[in-house]
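The values are calculated or read from the model by the stated rules, or taken from the named source; none is laboratory data. Computed from a prediction, not measured in an experiment: that's the story for all the values here. In this analysis, Cβ positions are derived from the backbone assuming ideal geometry, glycine residues included, and neighbour counts consider all displayed protein chains.
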Amino acid sequence: MTQTSPIVLLLSGANLNLLGDREPEIYGTETLADHVAASTEKAASHGLLIEHLQSNAEADLIDAIHGARSRCAAIIINPGAFTHYSWAIHDALASFAGPIVELHLSNPATREEWRHTSVVSPVASGTIAGFGGNGYRLAVEAVAGLLGI
């Protein structure tokens with residue numbers, strides 16, 4: 001991969017650092033590192049680079065989105081619980097000109113009522129949900145397609 005390869009910013013929100021241990025019956029047994037590795041491998045097959053950040057702090061994710069403007073080709077974001085209430089992340093994503101893919105391991109629409117609303121969806125190009133760890137590879141495929149790669 002050369003330095004001129006397009007960068008895809010992969011953002012992981014609150015509690016995703018606990019993947020593999022936290023509620024494996026819902027989120028699976030793969031760790032976040034496993035998902036990042038799968039994303040990185042799939043991205044490389046399309047000539048893309050993955051840059052990953054996980055944070056439990058909303059401000060860190062917002063700063064990363066701001067930093068991606070004019071630097072990254074696309075964003076894949078699994079916002080975790082921020083999905084349902086972070087208008088600040090919504091607004092930051094709205095300022096990004098490239099494709100944005102919202103990603104969830106589980107399907108929020110089949111879970112608790114409070115998980116049914118996403119404030120990220122209105123500014124995302126699309127959402128991938130309910131496919132477990134395979135969703136990360138699907139999100140990279142979606143980004144590659146949206147970028148025409």
Discussion item. Based on this model, can you work out whether ALA33 counts as surrounded by 18 or more Cβ atoms within 10 Å (Cβ to Cβ), of a type outside the set (D, E, K, R) and modelled with pLDDT of 95 or more?
Written reply: no
Worksheet entry | Residue list for segment 54-82, filter: under 27 Å from GLY130 (Cβ atoms), surrounded by fewer than 17 Cβ atoms within 10 Å (Cβ to Cβ) and either among the aromatic types (Phe, Trp, Tyr) or touching a residue at least 40 places away in the same chain (Cβ under 8 Å) (or both) | ASN56, ALA81
Discussion item. Taking the condition of being of a type in the set (Val, Ile, Thr) and either part of a helix (DSSP H, G or I) or out of contact with any Leu (no Cβ under 6 Å at 6 or more places or on another chain) (or both), how many residues in segment 37-82 meet it?
Written reply: 3
Worksheet item: Taking segment 130-149 as the search range and keeping residues that are surrounded by fewer than 20 Cβ atoms within 10 Å (Cβ to Cβ) and in contact (Cβ under 8 Å) with a residue 60 or more places away in the chain, which one is farthest from the chain's Cα centre (by Cα)?
Response: ILE149
Discussion item. If I go through segment 100-119 residue by residue, how many of them are of a type in the set (Val, Ile, Thr) and over 17 Å from ALA142 (Cα atoms)?
Written reply: 3
Discussion item. Could you go through segment 109-116 and let me know if any residue there is buried (at least 18 other Cβ atoms within 10 Å of the Cβ) and under 19 Å from ASN15 (Cα atoms).
Written reply: no
Worksheet item: Do you know which residues across segment 83-103 are in a helix (DSSP H, G or I), within 24 Å of ASN134 (Cα to Cα) and either free of Cβ contacts under 8 Å to residues at least 60 places away in the same chain or not β-branched (Val, Ile, Thr) (or both)?
Response: HIS84, LEU93
Discussion item. Among the residues of segment 21-31, are any over 20 Å from GLY148 (Cβ atoms), part of a loop (DSSP other than H, G, I, E, B) and of a type in the set (Phe, Trp, Tyr)?
Written reply: no
Worksheet entry | Yes/no for THR127 being among the polar types (S, T, N, Q) and over 16 Å from the mean Cα position of the chain (by Cα) | no
Practice prompt. Would you mind stating whether ALA38 is surrounded by fewer than 14 Cβ atoms within 10 Å (Cβ to Cβ), under 14 Å from the mean Cα position of the chain (by Cα) and on the phi < 0 side of the Ramachandran plot?
Written response: no
Practice prompt. Would you check which residues across segment 104-126 are part of a loop (DSSP other than H, G, I, E, B), β-branched (Val, Ile, Thr) and within 19 Å of ILE62 (Cβ to Cβ) and list them?
Written response: VAL119, VAL120
